[in-house]
Amino acid sequence: MTDTPETLRVGILGAGSIFGAYARGLGMVDHLPIVRVADLDQERARAGARKWDIPAWGDADALLADPDVDIVVNITQPAFHAELTEAALRAGKHVYVEKPLAATTAKARENLAVAAETGRVLGCAPDTFLGSAAQTARAAVDSGLIGRPFAATSFVRSSRVETWHQDPSFLFRDGGGPVLDWGPYHLAALVNLLGPVSHVVGVTDRAAEQIVVTAPERRVDRIDVEVDTHASALLKFASGAVVTAMYSFDVWDTTLPHLEIYGTGGTLHLPDPNTFDGPVLVRRRGDEDWSEVPPVMPRVTPDPPTPFRALGVADLAAHLGGEPHRASGEFAYHVLEVLSALEDRDIADGVTEITSTTERPAPVTQRP
């Protein structure tokens, strides 16, 4: 990034559960002030604006019509991503959207086409691979610390969302599920390390047809499960590496690692890809124990840790100033196509060839 980045004003669509993380994170970036927040629930938008000292609030139409908004951050529910992203692009705004890029690959392709048509930039979460842990692992892989990476494991267990979210219904409907909710964090980290995916095979299931919500101040008591909530898969990467993956809302407890990379000369152990920071461990063949890989950049999240999102929006803004676009719409589309191939699958479906590809994002060479 440049030493004196241009100020770009941000409007946030959605004041739900992740809004605070974006408000906190963007509040730490001087050149990305939040000037407006919008939500279907006007009281929630007003309360969010007051809490985070945001000067304007209202509905989506007012935000999109506001000439003071340069970048729209779309953190609405997945079912509304595509519609609101297109509206924002056509309103002349650059857009950064929460994952997934859209609920379907068809809608995601339409969004990419509209971005090209309007000359606007489209970025997408997750941005966690821009943090210190993923970038340290990337430097380790690129330096040959573990030799040639030939395999990896990627395991996601339930966040027990029904115990803390007031209404997690959207996670159990189309556009939700563990594959599209948790999968992007892991797959973005893997593509950053290993490059694009070429083939997918897997099987999905669900442990229950209904979920009991026990969260305090819950708005619903039970949720009908409309998507598969457990997926097991093999991902073949164009580099030749094979990844064993499990993405599940049904597995509550496990001793499995979050993410490990296996090379011809050793193993890398990464922290939860849904976080930006944390130690990366290495054990090379012949080592008696694990050791920490020296971080290539300082931690990017607040200390002590609190919910934080901002790097992807800063990445988009830096791209407008000439930097590489790492958390790009094209990158997110490849992640979405791979994960979409893992939804509602039976073993009889065989192997799915992935038609899209993407470049490995440029390494982060300085603290975002």
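The values are calculated or read from the model by the stated rules, or taken from the named source; none is laboratory data. All figures in this text were calculated on a predicted structure; none of them were measured in a lab. For neighbour counting, all protein chains shown are included, and Cβ atoms are generated from backbone atoms with ideal geometry for every residue, glycine included.
Among residues that are over 22 Å from the mean Cα position of the chain (by Cα), of a type outside the set (Gly, Ala, Ser) and modelled with pLDDT under 95, Arg219 is included. Tell me, which residue of region 128-144 that is among the small types (Gly, Ala, Ser) and in a helix (DSSP H, G or I) is surrounded by the fewest Cβ atoms within 10 Å (Cβ to Cβ)? That would be Ala139.
For every residue, the table says whether it meets (1) of a type in the set (A, V, I, L, M); (2) outside the structural domain of Glu260 (by TED's automatic domain parsing); (3) assigned to a loop (DSSP other than H, G, I, E, B).
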{"site": "Ala152", "(1), (2), (3)": "yes, no, no"}
{"site": "Ser158", "(1), (2), (3)": "no, no, yes"}
{"site": "Phe170", "(1), (2), (3)": "no, no, no"}
{"site": "Pro178", "(1), (2), (3)": "no, no, no"}
{"site": "Leu190", "(1), (2), (3)": "yes, no, no"}
{"site": "Val203", "(1), (2), (3)": "yes, no, no"}
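Within region 93-109, is there a residue that is out of contact with any Leu (no Cβ under 9 Å at 6 or more places or on another chain), more than 19 Å from Gly175 (Cβ to Cβ) and in a loop (DSSP other than H, G, I, E, B)? Among the residues of region 93-109, not one is out of contact with any Leu (no Cβ under 9 Å at 6 or more places or on another chain), more than 19 Å from Gly175 (Cβ to Cβ) and in a loop (DSSP other than H, G, I, E, B), which makes the answer no. Filtered by the rule that a residue be of a type in the set (Asp, Glu) and touching a His at 6+ places or on another chain (Cβ under 9 Å), region 42-94 gives a lone residue, Asp70. Condition check for Asp59 on (1) surrounded by fewer than 18 Cβ atoms within 10 Å (Cβ to Cβ); (2) free of Cβ contacts under 8 Å to residues at least 60 places away in the same chain; (3) farther than 20 Å from Ala82 by Cα: one failure, at (3). Exactly one residue out of Ala65, Ala47, Ala88, Ala79 is surrounded by 22 or more Cβ atoms within 10 Å (Cβ to Cβ) and of a type in the set (A, V, I, L, M, F, W, C): that is Ala88.
Going through region 281-328 one residue at a time, which ones are outside any loop (DSSP other than H, G, I, E, B) and either over 19 Å from Ala21 (Cβ atoms) or among the polar types (S, T, N, Q) (or both)?
Going residue by residue through region 281-328, those that are outside any loop (DSSP other than H, G, I, E, B) are 281-284, 291-292, 311-320, 328.
Within region 281-328, Leu281, Val282, Arg283, Arg284, Ser291, Glu292, Ala318, His319, Leu320, Ser328 qualify.
The strands (runs of 3 or more DSSP E) found entirely in region 1-88 include none that carry 2 or more residues being over 21 Å from the mean Cα position of the chain (by Cα) and of a type in the set (D, E, K, R).
Yes or no, residue by residue, for (1) within 24 Å of Pro78 (Cβ to Cβ); (2) out of contact with any helix residue (DSSP H, G or I) (no Cβ under 6 Å at 6 or more places or on another chain):
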site	(1), (2)
Phe276	yes, no
Glu292	no, yes
Pro307	yes, no
Gly312	yes, yes
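Of all residues in region 145-178, those being of a type in the set (A, V, I, L, M, F, W, C), farther than 21 Å from Thr267 by Cβ and either in contact with a Leu (Cβ under 7 Å, 6 or more places away or on another chain) or crowded, with 16+ Cβ neighbours inside 10 Å (or both) number 4.
Can you say whether Ile261 is crowded, with 23+ Cβ neighbours inside 10 Å, in contact with a strand residue (DSSP E or B) (Cβ under 7 Å, 6 or more places away or on another chain), of a type outside the set (Asp, Glu) and assigned to a strand (DSSP E or B), as far as the supplied structure shows? It is true that Ile261 is crowded, with 23+ Cβ neighbours inside 10 Å, in contact with a strand residue (DSSP E or B) (Cβ under 7 Å, 6 or more places away or on another chain), of a type outside the set (Asp, Glu) and assigned to a strand (DSSP E or B).
Screening the candidates Leu259, Leu320 for the property of being over 20 Å from the mean Cα position of the chain (by Cα) and either among the small types (Gly, Ala, Ser) or on the phi < 0 side of the Ramachandran plot (or both) yields one hit, Leu320. Across region 164-203, the number of residues qualifying as in contact with a Phe, Trp or Tyr (Cβ under 9 Å, 6 or more places away or on another chain) and of a type in the set (Val, Ile, Thr) comes to 3. Does region 280-294 hold any residues that are closer than 19 Å to Phe129 by Cα and surrounded by fewer than 16 Cβ atoms within 10 Å (Cβ to Cβ), and which are they? Answer for region 280-294, where residues must be closer than 19 Å to Phe129 by Cα and surrounded by fewer than 16 Cβ atoms within 10 Å (Cβ to Cβ): Glu292, Pro294.
Any residue at all in region 286-299 that's among the polar types (S, T, N, Q) and in contact with a Pro (Cβ under 8 Å, 6 or more places away or on another chain)? Step through it out loud before you land on a result.
Looking only at region 286-299, we keep the residues that are among the polar types (S, T, N, Q), and these are 291.
Cutting the leftovers down to in contact with a Pro (Cβ under 8 Å, 6 or more places away or on another chain) gives us none.
So far as region 286-299 goes, no, none of its residues is among the polar types (S, T, N, Q) and in contact with a Pro (Cβ under 8 Å, 6 or more places away or on another chain).
Only residues that are of a type in the set (Phe, Trp, Tyr), at pLDDT 95 or above and under 27 Å from Gly183 (Cβ atoms) were counted across region 50-106, and they come to 1.
Scanning region 342-355 for residues that are in a loop (DSSP other than H, G, I, E, B) and without any contact (Cβ under 8 Å) to a residue 40 or more places away in the chain yields a single hit, Thr355. In the set (1) farther than 19 Å from Ala241 by Cβ; (2) part of a loop (DSSP other than H, G, I, E, B), the condition left unmet by Gly147 is number (1).
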